[in-house]
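In what follows, a single structure is set out as structure tokens and then discussed.
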Amino acid sequence: MRVLLLNPAATGTFHVMGIVFPPLGLLYVAAAVRDRGYEVEVVDRTVDFRKIDFASFDVVGIHSDTTRFKKALELARRANAAGAKVVMGGPHPCFVAREILATGVVDAVVRGEGDKTFADLLDAWKHGSGAALLPGLTVATSQGVVDTGDPVRIRDVDSLPFPARDLIDLSRYTKARLGYRPLATIHTSRGCPYRCRFCSSSRFDGAKWRARSSESVLAELEHLVGDLGYKAVAFVDDNFAGSPERIHKICDGILKKGLDIHWWCFCRVDTVAHYPEMVQHMAEAGARSVFIGVETSSSGVLDHFHKGISAGQAREAVRILKRNGIKIWASYILGAPEETRTDIRSTIRFACELDSDIAQFTLLTPYPGTELYEELKDTITEKDWSKFDGVHAVYQHPRIPRVEMQMWHIGANAAFCFRHRRSAVNFFRFLANRNYGAQLVSRALGLVGNR
């Protein structure tokens, strides 16, 4: 049985800037499928534009998030027309599975992590047994659409093989860098115990945090550095620092093994604020940049988000990170339904006050699978999933018109870029060295013009 795994062309800020990462999730699935004895090929449409002979494959698996769903469905139509069985997965399809199967071009949708579920599905099809007996699927059968229940989460994540990076051309991803160092991505844990209302991670990946051991993580780091030549890594876990004890072990290992790497990760502000000694150890072991979700300065909005942090913790986290020489990428969400114009203005001022190296402002986007989607779905006015990218206003705010919300978003970015003279100089230097500036401006003008 020949299997093709497809990643639709990337969208979003990183792609506009020319920064593209390998499709790590698909490479995990590819490794699991290959271990079952299947012939597997991976095509990332962001960098690989070869003509695909869909008829030469028995099964085509397609990953999708919300913004790329339209592209994913078009690939599914082509694969189905060629006679292949089609499976979709990812953080969008699993929450709209019945709508997808209603198109008639997809045979099954994998819910949650696909390593084991997709491989089990291939085995069932190969041996002619019932796919409807496997947990974690929504599948089309002769009796209609069957939902087989929640997926069985992989408890021992150390047992998973490393991503099958050998199945793609890594030289196509060289623009991804940390400083001047080529940057690889690595995933060291799954699941998230926090239930932020704007995020679907705890439903998609499970609410129980399942972490790889420090030994497993260090083994993959040695592979990335020694075998593949990387000098920097991005830990792309939702909750990399879920266990400070594990972080200390990883940092100890990096230092003892003499791994010359710089790295980047996600951290919650409360974790940073509570464990300053962990942050110091991270810096000593090569941490150069940390992404933190500040979200807003409003305690009421933070409570509504179920974020579980405070503005005071954000201030303390920024202070600790700066003290250790770690660059800060802070994210903010504008346009929560209970927000007022005063709240938005305060959040923008707060971002300028914190003075992180980067501030990412996004408009509240109710993604399928989140609590906010259920709350706001009757107010969603945008029907094009590709616009669910954080820079388009996709629902009608109870007090602020959509065009005005777009202007608040543009204004927030402008205020942060010109918060002081040094930041303005760096901003213009950044634009001068990339075509990102022209695309950002034209995109902003288009957003307003299309309303």
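The values are calculated or read from the model by the stated rules, or taken from the named source; none is laboratory data. This is a predicted model, so every value here is computed, not measured. Here the Cβ is made from the backbone with ideal geometry for all residues, glycine too, and neighbour counts use every protein chain on show.
List the number of the failed condition for Ala351; all other conditions in (1) under 22 Å from the mean Cα position of the chain (by Cα); (2) buried (at least 23 other Cβ atoms within 10 Å of the Cβ) hold.
(1)
Could you say whether any residue in the range 95-103 is closer than 24 Å to Val157 by Cβ and buried (at least 19 other Cβ atoms within 10 Å of the Cβ)?
yes
Give the range 100-114 a look and list any residue that's among the charged types (D, E, K, R) and modelled with pLDDT of 95 or more, or say none.
Passing the criteria: only Asp107.
With respect to Thr365, determine if the residue is modelled with pLDDT of 95 or more and in contact with a Gly (Cβ under 9 Å, 6 or more places away or on another chain).
Considered against the rule, which asks whether it is modelled with pLDDT of 95 or more and in contact with a Gly (Cβ under 9 Å, 6 or more places away or on another chain), Thr365 comes out as yes.
Could you give me the residue pairs with C-beta distances under 8 Å whose first residue belongs to the range 30-50 and is of a type in the set (Phe, Trp, Tyr), whose second residue is crowded, with 16+ Cβ neighbours inside 10 Å and in a loop (DSSP other than H, G, I, E, B) wherever it lies, and which are 6+ apart or on separate chains?
Tyr38/Met1
List the helices (runs of 4 or more DSSP H) inside the range 241-296, counting only whole elements, that have at least 1 residues being of a type in the set (Gly, Ala, Ser), under 25 Å from the mean Cα position of the chain (by Cα) and surrounded by 19 or more Cβ atoms within 10 Å (Cβ to Cβ).
In the range 241-296, the matching helices (runs of 4 or more DSSP H) lie at 269-274.
Scan the range 60-82 for residues that are in a helix (DSSP H, G or I) and among the charged types (D, E, K, R) and jot them down.
Of everything in the range 60-82, those that are in a helix (DSSP H, G or I) and among the charged types (D, E, K, R) turn out to be Lys70, Lys71, Glu74, Arg77, Arg78.
Considering the range 316-346 alone, what residues qualify as being in a helix (DSSP H, G or I), more than 16 Å from Gln406 (Cβ to Cβ) and not charged (D, E, K, R)?
Ala317, Val318, Ile320, Leu321, Thr342, Ser346
Within the range 148-167, does at least one residue satisfy the condition of being surrounded by 14 or more Cβ atoms within 10 Å (Cβ to Cβ) and among the polar types (S, T, N, Q)?
Yes, the conditions are met somewhere in the range 148-167.
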